[in-house]
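Okay, structure first, notes after.
The values are calculated or read from the model by the stated rules, or taken from the named source; none is laboratory data. Only a predicted model underlies this, so the values are computations on that prediction, with no experimental measurement involved. No Cβ is skipped: glycine too gets one built from the backbone with ideal geometry, and neighbour counts run over all protein chains shown.
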């Protein structure tokens with residue numbers, strides 16, 4: 001490895017960027033190399049890693065690159081003239097390809113919340129009195145695991161997630177779904193004879209994938225569906241939710257997973273959809289119900305997951321549909337009289353959406369509790385039960401919002417006037433947005449076999465949900 005690097009550096013000293021280079025120098029650029037690449041979408045130079053390379057029919061070289069510290073959805077094929085050869089760094093000797101690629105961050109905090117089993121009273125005190133004194137050395141705020149451990153099951157699971165070069169390369173150039181042409185973000189295992197095409201055509205009702213526009217038109221003439229299969233369990237203001245059983249509607253569920261994988265990273269697709277329910281959100285017009293997004297959940301989850309995968313298709317993002325899907329999942333949990341949480345790890349976009357929802361839901365619960373029972377203590381369990389948000393997520397959200405304060409040897413939940421005003425405005429603004437109408441939800445939970453009791457359940461009884469606090473404004 002040393003000799004090629006020296007040879008390249010000698011070439012580099014002769015001329016800038018790619019001008020004047022012998023084309024054979026590109027043969028030395030192998031998988032795992034790093035160098036600056038001109039990003040096509042932003043027309044700027046960024047550090048990138050070579051994932052793969054190939055030779056075009058005209059003999060020129062193309063390179064598939066991952067931009068360091070950027071999401072993989074920005075990975076792309078670039079021409080050789082977009083590489084800055086002067087910045088080339090060869091892979092470390094003995095290291096595996098891509099070893100220096102910065103992985104998407106995954107927190108690994110261990111829970112120490114198992115220590116406390118008794119409720120601890122926290123007094124309500126005036127906001128002005130809550131000051132951090134030097135003598136107030138607070139013990140660690142009880143933390144909870146963020147659940148980043150991969151699930152053992154899942155229609156889209158972390159288990160067995162392959163990091164080889166093939167699955168890191170986006171293999172579908174374009175899909176046509178309804179009125180939208182969409183460029184995928186990630187690899188999805190569609191049949192190889194389709195991935196070599198310029199575009200894959202997908203029926204927006206049954207999600208069958210086809211090779212041409214003509215084939216799609218023929219299929220649409222025969223396709224009897226004008227909405228997803230399954231039961232319509234929600235309909236309000238031209239938005240509907242359909243519940244699809246992964247066992248009864250296996251073909252649709254598998255096609256949905258293939259489609260979703262194009263936009264979900266760090267997931268491995270499994271074709272066993274039997275243990276899952278899929279909730280598809282649609283927009284209705286005169287032609288039918290058009291898919292907007294979906295979430296899936298296990299029929300039975302020992303870990304209290306109420307979402308396995310969640311996705312809003314790119315043409316419908318930034319319209320509030322992500323929050324709508326999250327809110328709907330918790331409405332189902334309320335009917336089940338359970339608490340729920342999404343499978344971890346979440347994508348970057350997913351984490352932002354969930355944090356936003358948790359913050360709003362918890363603040364609304366605190367305001368309501370303070371208004372109705374101003375002199376009483378509130379527990380994390382109370383917040384969890386009123387929102388159906390799992391206790392660990394309640395605690396992590398309170399910590400993120402910096403609402404825990406240590407005062408006179410105890411914890412209090414302190415909401416400053418500034419934060420109160422901010423969230424009151426956000427709550428008022430949210431009323432104008434599309435929300436789930438619980439009265440329009442026609443659904444009853446089904447029993448899928450015997451209930452399983454796990455040791456994890458008993459551990460939950462000793463988590464920080466036993467905290468009892470008073471709210472200070």
Here is a check on your reading of the model: is residue 300 in contact (Cβ under 8 Å) with a residue 60 or more places away in the chain and within 21 Å of residue 387 (Cβ to Cβ)? no
Can you tell me which residue within region 64-84, out of those that are part of a strand (DSSP E or B) and over 28 Å from the mean Cα position of the chain (by Cα), is surrounded by the fewest Cβ atoms within 10 Å (Cβ to Cβ)? 79
Within the bounds of region 216-239, is there any residue that is within 25 Å of residue 185 (Cα to Cα) and surrounded by fewer than 22 Cβ atoms within 10 Å (Cβ to Cβ)? yes
With respect to residue 446, is the statement that it is modelled with pLDDT under 85 and out of contact with any helix residue (DSSP H, G or I) (no Cβ under 9 Å at 6 or more places or on another chain) true? no
Consider residue 249 against the criteria (1) surrounded by fewer than 21 Cβ atoms within 10 Å (Cβ to Cβ); (2) modelled with pLDDT of 95 or more; (3) touching a helix residue (DSSP H, G or I) at 6+ places or on another chain (Cβ under 7 Å): it satisfies all of them except one. Which criterion is unmet? (3)
Give the residue, chosen from 353, 341, that is part of a helix (DSSP H, G or I) and either within 23 Å of residue 260 (Cβ to Cβ) or not assigned by TED's automatic domain parsing to the domain that holds residue 257 (or both). 353
Please indicate, with yes or no, whether at least one residue in region 417-430 is modelled with pLDDT under 75, within 29 Å of the chain's Cα centre (by Cα) and in a helix (DSSP H, G or I). no
Residues located in region 390-414, provided they are assigned to a loop (DSSP other than H, G, I, E, B) and crowded, with 19+ Cβ neighbours inside 10 Å: 390, 403
Within the bounds of region 368-380, is there any residue that is crowded, with 21+ Cβ neighbours inside 10 Å, part of a helix (DSSP H, G or I), at pLDDT below 95 and under 24 Å from the mean Cα position of the chain (by Cα)? no
Look through region 423-444, keep the residues that are surrounded by 13 or more Cβ atoms within 10 Å (Cβ to Cβ) and touching a strand residue (DSSP E or B) at 6+ places or on another chain (Cβ under 8 Å), and return whichever of them is farthest from residue 243 (Cα to Cα). 434
How many residues are farther than 16 Å from residue 397 by Cα and free of Cβ contacts under 8 Å to residues at least 40 places away in the same chain when one looks only at region 324-362? 2
Which residue pairs have Cβ atoms under 6 Å apart, sit 6 or more places apart or on different chains, and have a first residue in region 216-229 that is assigned by TED's automatic domain parsing to the domain that holds residue 277 and modelled with pLDDT of 95 or more and a second that is surrounded by 12 or more Cβ atoms within 10 Å (Cβ to Cβ) and in a helix (DSSP H, G or I)? 229/252
Could you count how many residues in region 185-241 are more than 25 Å from residue 66 (Cα to Cα) and assigned to a loop (DSSP other than H, G, I, E, B)? 18
Any chance region 278-296 includes a residue that's more than 22 Å from residue 177 (Cβ to Cβ) and touching a residue at least 24 places away in the same chain (Cβ under 8 Å)? no
